[in-house]
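Structure first, then comments.
The values are calculated or read from the model by the stated rules, or taken from the named source; none is laboratory data. Because the structure is a prediction, the values reported are computed rather than measured. Every residue, glycine among them, receives a Cβ derived from its backbone with ideal geometry; neighbour counts consider all protein chains shown. Side chains are part of the model used for accessible areas, which takes the heavy atoms of the whole protein and leaves out ligands, DNA and RNA. Shrake-Rupley method; radii C 1.70, N 1.55, O 1.52, S 1.80 Å.
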Amino acid sequence: SYRRLFDLALKLEGINRHAGKHAAGVVISDTDLIERIPLCKVGDDPATQFTMGEVEEVGLLKMDFLGLRTLTLIEDCLKLIKKTARLVIDPDKIPLEDKKSFDLIARGDTIGVFQLESSGFRKLLVDARPDRFEDIIALLALYRPGPLQSHMHTRFIERKHGREPITLEHPLLEPILRDTYGCFLYQEQIMILANKVAGFSLSEADTLRKA
């Protein structure tokens, strides 16, 4: 009957319809995974039958390991420079305050730069004219549907260049929002706000962040 089918559908509602996998997700355990969680195969690869949240709930660690072609390109360039110009460059010693680099970024000449190369982001760079590394981090946080639709990126840019005053509802917010010109951009800022201003414990602040 329809009633029996409806009851069956309710029972099956929480069952996953297919097995998927995160391309970069790796689950780390102190012993063989089969002793900790149920496994299955997705194609030829072993995968957990637990979701990301469930994996963490049973005490395992899930990490994302990303491989970027741009890092390979940088490595190839460094080898060519060493071979042709006899010059050894250590990427870890390149200063993050290099003015020529920021001039290039502010012009939107970032094709081939990871996460900075789309036409929309290059326009954002031209408008914002970042001149410090923290600005790039902030723009990456702003270049998402929510902040763009609410025009938070416009507020950030206007405040950065002094065309809009930075207003804070409470003096305790100044150290929290100093680097983002009075704009809430990061989950950590919300957690610090809840802790320092509202008196939440860090655990309670994390619950607020999730909400």
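Return the residue satisfying two criteria in turn: it lies in the stretch 10-28 and is touching an Asp or Glu at 6+ places or on another chain (Cβ under 8 Å) and within 12 Å of Leu60 (Cβ to Cβ), and of such residues it is modelled with the lowest pLDDT. Ranking the qualifying residues of the stretch 10-28, first place goes to Gly25.
Please find, within the stretch 86-121, the residue that is nearest to the chain's Cα centre (by Cα) out of those that are within 18 Å of His161 (Cα to Cα) and open to solvent by 70 Å² or more (accessible area, probe 1.4 Å). For the stretch 86-121, the residue satisfying everything is Arg107. The single condition among (1) surrounded by 12 or more Cβ atoms within 10 Å (Cβ to Cβ); (2) under 17 Å from the mean Cα position of the chain (by Cα) that Ala128 does not meet is (2). Candidates are the residues of the stretch 56-85 that are part of a helix (DSSP H, G or I) and basic (Lys, Arg); the one that is most open to solvent (accessible area, probe 1.4 Å) is Arg69. Name the single residue that is farthest from Arg129 (Cα to Cα) among those in the stretch 155-211 being among the hydroxyl-bearing types (Ser, Thr, Tyr) and outside any loop (DSSP other than H, G, I, E, B). The selected residue is Ser203. Val197 fulfils the conditions (1) at pLDDT 95 or above; (2) open to solvent by less than 70 Å² (accessible area, probe 1.4 Å); (3) touching a helix residue (DSSP H, G or I) at 6+ places or on another chain (Cβ under 9 Å) except for a single criterion, (1). Condition (residue is open to solvent by less than 40 Å² (accessible area, probe 1.4 Å) and at pLDDT 95 or above) applied to the stretch 161-175: is it met by at least one residue? No, the conditions are met nowhere in the stretch 161-175. Screening the stretch 131-154 for residues that are over 22 Å from Leu96 (Cβ atoms) and not in a helix (DSSP H, G or I) and picking the one that is most open to solvent (accessible area, probe 1.4 Å) gives Arg144.
Can you tell me which residues in the stretch 131-165 are more than 21 Å from the chain's Cα centre (by Cα) and farther than 23 Å from Ile105 by Cβ? Listed by number, the list holds a single entry, Pro165.
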